[in-house]
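*Asks:* Before I ask anything, let me first share the structure, which is written out below as structure tokens.
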Amino acid sequence: MLLASLLLPLMIAPPEGGEGLEAAQAIFDDACTLCHDASDDTLNLEDASALVGVPSPSTKMPLVDPGNPNNSYLYLKMLGTHTEAGGEGAIMPPASPFTDDELALVETWILQG
């Protein structure tokens, strides 16, 4: 048990290369905030950290569930699997879906909690 408590912080520490909130925020800034900014009453992606634990208006599941990307509606919407969780609408962004690398960076941020 002691060993696990010592190793857990090492396993969830941000990987080298800038992954984490900063990397996820850069992705949102580039692809999302043109539509989802502070003027959007439903979803403001200018501060992704403010979405942690906030329920999705359509499904009531968390927009970002720390440590659990598969229960994070924002991530599911980016993957296009949100309808399986009861969500509505198209994959985001609709014109040019995220790359695997971008999805991996957001997933890493959510896993870091």
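We did not get these values from a lab; they are worked out from the coordinates using the rules stated. Quick caveat: nothing in here was measured; it's all calculated off a predicted structure. All Cβ positions, even for glycine, are placed from backbone atoms using ideal geometry, and neighbour counts span all protein chains on display.
*Asks:* If you put +1 on each Lys and Arg Cβ and -1 on each Asp and Glu Cβ, how big is the dipole of the range 27-113 around its Cα centre, in Debye rounded to 20?
*Replies:* 340
*Asks:* I'd like to compare 22-29, 99-106: which one has the highest average count of other Cβ atoms within 10 Å, and what's the full order after that?
*Replies:* Ranked from most to least packed, the peptides come out as 22-29, 99-106.
*Asks:* Check Ser56: other-chain or 5+ apart residues with amide H under 5 Å from its amide H, H built from backbone geometry?
*Replies:* Excluding prolines and chain starts, which carry no amide H, the hits are Met61, Leu63.
*Asks:* Could you give me the ³J(HN,Hα) list for the range 97-113, computed from phi with Karplus coefficients 6.51, -1.76, 1.60 and θ = phi - 60°, whole Hz, x at Gly and Pro?
*Replies:* Going residue by residue, I get x, 5, 6, 4, 5, 5, 4, 5, 5, 5, 4, 4, 4, 5, 4, 5, x Hz, with x marking Gly and Pro.
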